[in-house]
1. Which pairs have Cβ atoms under 7 Å, sit 6 or more apart or on different chains, and link a residue in region 134-153 that is at pLDDT 95 or above to one that is of a type in the set (Asp, Glu)?
2. List every residue pair whose Cβ atoms sit under 7 Å apart, with the two residues 6 or more apart in sequence or on different chains, where the first one lies in region 86-100 and is under 10 Å from Ile126 (Cβ atoms) and the second, anywhere, is exposed (fewer than 14 other Cβ atoms within 10 Å of the Cβ).
3. Keeping to region 29-44, report how many residues are of a type outside the set (Gly, Ala, Ser) and more than 18 Å from the chain's Cα centre (by Cα).
4. Determine which single condition Glu6 fails, assuming it passes every other condition in (1) modelled with pLDDT under 95; (2) on the phi > 0 side of the Ramachandran plot.
5. Pairs needed: first member in region 121-132, under 16 Å from Lys87 (Cβ atoms); second member anywhere, among the aromatic types (Phe, Trp, Tyr); C-beta distance under 6 Å; at least 6 residues apart or different chains.
6. Can you tell me which residue among Asp64, Asp51 is exposed (fewer than 11 other Cβ atoms within 10 Å of the Cβ), in the same structural domain as Ala19 (by TED's automatic domain parsing) and under 26 Å from Ala19 (Cα atoms)?
7. Across region 73-82, what is the number of residues that are assigned to a loop (DSSP other than H, G, I, E, B) and either of a type in the set (S, T, N, Q) or within 20 Å of Phe9 (Cβ to Cβ) (or both)?
8. Within the bounds of region 16-24, is there any residue that is assigned to a helix (DSSP H, G or I), modelled with pLDDT of 95 or more and closer than 30 Å to Gln119 by Cα?
Amino acid sequence: MAQNEEYLFNLLAEPIKAADYELIDLVFSKHGTQTTIQLFIDSANGVDIDDCVTVNQVAQEILDSHDPISTAYTLEVSTPGIFRKLKTPEHFKAFTGERIKIRLLQKIKGLKDAVGNLQECSENGICIKLEKDGTELEIPYSLITRANLEPELNY
């Protein structure tokens with residue numbers, strides 16, 4: 001996470017948690033003169049449009065009072081979606097048994113990308129059963145650059 005993103009995430013995570021939501025991810029982006037802050041939230045009861053409005057109001061109050069961004073910006077709040085990112089050990093633990101996709105910092109057993117069933121999680125990493133051949137792969141968190149749920153979509 002970039003420095004701006006990490007600062008904003010830390011600034012917003014607790015007030016959002018106090019409103020009974022979890023801040024899953026934050027993306028801070030600039031495209032020319034346009035700055036956007038995207039917040040991805042979840043809750044035990046799921047998330048609907050009213051929840052997004054509530055979190056937008058909480059986040060806007062914090063951003064207005066701390067004024068961490070000197071330029072105009074757009075604040076967007078949404079759910080993480082079906083391809084939800086997995087970033088923390090708690091996220092991985094919550095989705096044990098689910099199909100995930102990971103991208104690694106370096107190859108493990110010849111793989112830099114893998115899809116499989118998340119078998120277990122520990123303090124240090126995860127174990128997934130690879131979809132392509134059924135072997136299990138143990139991966140330290142330090143080597144995971146990106147991970148997300150990867151549900152099978154049947155059309």
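1. Leu149/Glu98
2. Correct list of pairs: Pro89/Glu123.
3. Filtering region 29-44 for residues of a type outside the set (Gly, Ala, Ser) gives 30-31, 33-42.
Filter once more, keeping what is more than 18 Å from the chain's Cα centre (by Cα): 30-31, 33-35.
Adding up the residues that qualify gives 5.
4. Tallying (1) modelled with pLDDT under 95; (2) on the phi > 0 side of the Ramachandran plot, Glu6 fails exactly one: (2).
5. Cys121/Phe92; Gly125/Tyr141; Ile126/Phe92
6. On the way: Asp51 fails: exposed (fewer than 11 other Cβ atoms within 10 Å of the Cβ).
Answer to the check: Asp64.
7. Of the residues in region 73-82, 4 are assigned to a loop (DSSP other than H, G, I, E, B) and either of a type in the set (S, T, N, Q) or within 20 Å of Phe9 (Cβ to Cβ) (or both).
8. yes
The values are calculated or read from the model by the stated rules, or taken from the named source; none is laboratory data. Bear in mind that the values here come from a model prediction, so they are computed numbers and not experimental data. Please note: Cβ atoms are built from the backbone with ideal geometry, for glycine as well, and neighbour counts cover all protein chains shown.
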